[in-house]
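Some notes on the structure that comes next.
FYI, it's all coordinate maths here, none of it is from the lab. Predicted, not measured: the structure shown is a model, and the values here were computed from it. Heads up, the Cβs are rebuilt from the backbone with ideal geometry, glycines too, and the neighbour counts pull from every protein chain shown.
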Amino acid sequence: MNLEDKKLVVIGGAGLIGSHTVEQLLKENVREIVIYDNFVRGTAGNLAVALSDPRVSVFDAGGDICQPDILRAALTGADGVFHLAALWLLQCHEFPRSAFDVNIAGTFNVLEACVAENVKRLVYSSSASVYGDAQYEPMDEDHPFDNKNFYGATKIASEAMLRAFHYRYGLSAVGLRYMNVYGPRQDYSGAYIAVIMKMLDAMDRGEGPTIFGDGSEAFDFVAVEDCAKANVCAMKEDAVDRFYNVGTGKRTSLKELAELLISITGCNQPINYLPRSQKTLVTNRIGCPKRAESEIGFKSFIELREGLEKLIEWRSSQI
């Protein structure tokens, strides 16, 4: 879809990936960007840059995807919609009923509203969690679903609904399966912070970074700025009923990650190894980026060291 003079709604637009997606969209000649967010995890501070542009506004009647009438009102006149709102992995682990209500029923509300308001294009934020642990790597989009947690289950269900809405109602939609996302505006306090932030917290306390396990667990760490670009690429293209990995295709073990953080920060403490947590739900996940590059023109550009330096610089301004 050509984005010129289009109205776009970013559901979850005050969050980590959502706020960066809004800023990426501002580089396009769009007419209007509406942010629909309940500000449970997203923050007004994440939107400070975006809201300085007159094309951007926050929908003032509400921002909860579990309120379908308000949601539909927000989508009135929209050409394209980005759906990024969800409960995060460990929240789903601890609160599975809420995971269903928000991630599955809420996504149904989004799909239903898109059809009712004749939205031309939907980009859905899925997750590499649908795959579970890698049976082979890099994991392409045809990798079997071997998920074993509630978060991944909600994403699998939502992907299935996305496909069904395309075939039932002709909804033009694609999904993005993000790998391990990190970057500025990532949660740095609270119960659900990610592994990088936990390592940095430990280093702030004068300790070495902590790893649960032996450090061999490996992931595909992708910068949030690249995820934002992937969203815009997906909105611009015409592919339908397709799902795309969003990652680098590069393997980084937790030991290598900790060593890189030590190098960047100048920490002089050794890595601490603790027994693996039961909440550590996968041990190995590296995505193949080829389909996204060939079909929607997305390729990651930010190397891990550069991305971590940006994250640490932003983090230092927040604490």
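Can you give the Rg to Rh ratio for segment 54-195, taking only C-alpha atoms and Rh from Kirkwood?
Computed over Cα atoms, the ratio is 0.97.
In nm, what is the difference between 0.36 nm times the number of residues separating E303 and D133 and their Cα-Cα distance?
Length gained between E303 and D133: 58.8 nm.
State which entries of K198/K299; K229/K310; K198/K290 exceed 26 angstrom in Cα-Cα distance in the structure shown.
In this structure, K198/K299; K198/K290 exceed 26 Å between Cα atoms.
Using +1 at the C-beta of Lys and Arg and -1 at the C-beta of Asp and Glu, which of L260, V282, F301 has the Cα lying farthest in the positive direction of the dipole of segment 224-306?
The Cα lying farthest towards the positive end belongs to V282.
Using just the C-alpha positions of segment 232-284 as equal point scatterers, what log10 of I(q)/I(0) does the Debye formula give at each q in 0.24, 0.26, 0.30 1/Å?
Those come out to -1.05, -1.12, -1.22, one per q.
If you place +1 on the Cβ of every Lys and Arg and -1 on the Cβ of every Asp and Glu, how big does the dipole about the Cα centre of segment 35-100 come out, in debye to the nearest 20?
With Lys and Arg at +1 and Asp and Glu at -1, about 100 debye.
Placing +1 on the Cβ of each Lys and Arg and -1 on the Cβ of each Asp and Glu in the chain, which of G13, Y136, T248 has its Cα farthest towards the positive end of the resulting dipole?
Of the listed residues, the answer is Y136.
Rg and Dmax of segment 101-158, using alpha carbons, in Å: what are they?
Cα radius of gyration and Dmax of segment 101-158 are 13.7, 41 Å respectively.
Counting every Cα pair in segment 127-205, what percent are over 22 Å apart?
Percent of Cα pairs beyond 22 Å in segment 127-205: 44.
I'd like to know how segment 237-319 sits against the 2.2 N^0.38 Å rule of thumb: what's its Cα Rg over that expected value?
This ratio for segment 237-319 stands at 1.42.
Using Cα centres only, tell me the gap between segment 227-265 and segment 1-41 in whole Å.
Using only Cα atoms to place each centre, the spacing works out to 19 Å.
If you put +1 on each Lys and Arg Cβ and -1 on each Asp and Glu Cβ, how big is the dipole of the chain around its Cα centre, in Debye rounded to 20?
200 debye
Assign unit charges at the C-beta atoms only (+1 for Lys and Arg, -1 for Asp and Glu), then state the dipole size of segment 171-319 relative to its Cα centre in Debye, rounded to the nearest 20.
260 debye
In whole angstrom, how long is each semi-axis of the equivalent ellipsoid of the chain, when you take the square root of 5 times every eigenvalue of its Cα gyration tensor and sort them from largest down?
Working through the eigenvalues yields semi-axes of 31, 21, 18 Å.
Exactly which chymotrypsin sites (Phe, Trp or Tyr not before Pro) in segment 73-150 are in a DSSP loop and have at most 13 other Cβ atoms within 10 Å?
Answer by residue number: Y136, F145.
Could you give me D for segment 22-133, from Stokes-Einstein at 20 °C and 1.002 mPa s, where the hydrodynamic radius is the Kirkwood radius over C-alpha pairs? Units µm² s⁻¹, please.
142 µm²/s
Report the Cα centroid-to-centroid distance between segment 66-88 and segment 287-304 in angstrom, as an integer.
27 Å
Within the chain, which whole H helices from DSSP have a Cα span along their axis of at least 20 Å and a mean Kyte-Doolittle hydropathy of -0.5 or more, if any?
Answer set is 150-169.
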